[in-house]
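A quick write-up on the structure given underneath.
The values are calculated or read from the model by the stated rules, or taken from the named source; none is laboratory data. Computed from a predicted structure; not experimentally measured. Here the Cβ positions follow ideal geometry from the backbone for every residue, glycine too, while neighbour counts run over all protein chains shown. Keep in mind that these areas ignore ligands, DNA and RNA; they rest on the heavy atoms of the full protein, side chains included. Shrake-Rupley method; radii C 1.70, N 1.55, O 1.52, S 1.80 Å.
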Amino acid sequence: MELFTGLYSIVVCFLIIGVIWKLVSIPLSILALIFSEQFTKIYLFVISMIPLYFMASCTILIGSTIKSGQPSLGLLIIGGLTFVIYSFADIAQKIGEAQDPNTYNIIHNQYYGLLAMIIFYIYSIFNQNLVMNLWNHKLIDLINWIYNIPILGWVILIIAIIYMIYILILFISILTVIVMPKR
């Protein structure tokens, strides 16, 4: 039961971080228009890493404290897989929606950012000092505050359950592609 509760908490964090990041990224993307093309590519790459960092950090924080303050290795592994699948699917969806080659290349480079965040995640499991900072704790407090709004909490509950099923289906489809031989 603790594993399900922890995974549910991670998915809620992903949903809320995604919504917050959509609101924050609009002005940041408009700001990128004033820079040169090369700087814009670097800027957009760095900007795309920020939500991945917060998602990885929240997964570590939740996985580390779910069992009365003791790390839950099972939740850290399942939470890490959820983080990778969610991030991979998000990047793949953006690539599918990209219209011009320049946008495609910028989004395609986010796979390198995801690889860096996977390495960060694995390292942070063993050295949690990297995620124990004011920004992450404020984000967790904000997520808890948003989730505890009476009607919004129920809406998030329903969306999170549907989203968990979606991530499970993604995981099964990825496993099917990896395990099943090509015909």
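Annotations for the structure displayed:
- Helices in the chain, meaning DSSP H runs of at least 4 residues, each add -39500 (n - 2.57). Divided by all residues, the mean residue ellipticity at 222 nm is -29500 deg cm²/dmol.
- Shown are Asp141, Asp90, whose ranking by accessible area with a 1.4 Å probe and every protein chain present, most to least, is Asp141, Asp90.
- Two-site FRET efficiency, Leu175 against Leu73, from Cβ-Cβ distance with R₀ of 22 Å, rounded to 0.05: 0.55
- A 1.4 Å probe run over the chain, with the rest of the protein chains in place, finds 61 Å² accessible per residue.
- When all protein chains stay in place and ligands, DNA and RNA are ignored, the 1.4 Å accessible-area order of Phe35, Phe83, largest first, is Phe35, Phe83.
- Distance in nm between pseudo-label sites at Ile165 and Leu31 (7 Å out along the Cβ direction from Cα): 3.9
- Charge dipole (the chain, unit charges on Cβ, about Cα centre) - positive-most of Gly153, Gln99, Tyr111: Tyr111
- Solvent-accessible area, 1.4 Å probe, carbon plus sulfur percent, for segment 1-104: 72
- Farthest towards the positive end of the charge dipole of the chain, among the residues Cys13, Asn144, Thr82, is the Cα of Thr82, using unit charges on the Cβ of Lys, Arg, Asp and Glu.
- Alpha-carbon spread of the chain, three principal axes, descending order, Å: 50, 49, 37
- In terms of accessible area, using a 1.4 Å probe and ignoring ligands and nucleic acids, Trp135, Trp145 rank largest first as Trp135, Trp145.
- Over the Cα atoms of segment 109-183, the radius of gyration divided by the Kirkwood radius equals 1.10; this is the Rg/Rh ratio.
- The length gained by stretching the chain between Asn144 and Gln93 to full extension, at 0.36 nm per residue less their Cα-Cα distance, is 15.5 nm.
- Zone of Gln128's modelled label, taken as backbone nitrogen in segment 1-41 under 20 Å from a point 7 Å along Cα→Cβ: 1-14
- Taken over the chain, lysine pairs spaced eight or more positions apart, or on distinct chains, with alpha carbons under 23 Å apart number 5.
- In nm, spacing of pseudo-spin labels at Thr65 and Asn109 (7 Å Cα→C-beta vector): 3.5
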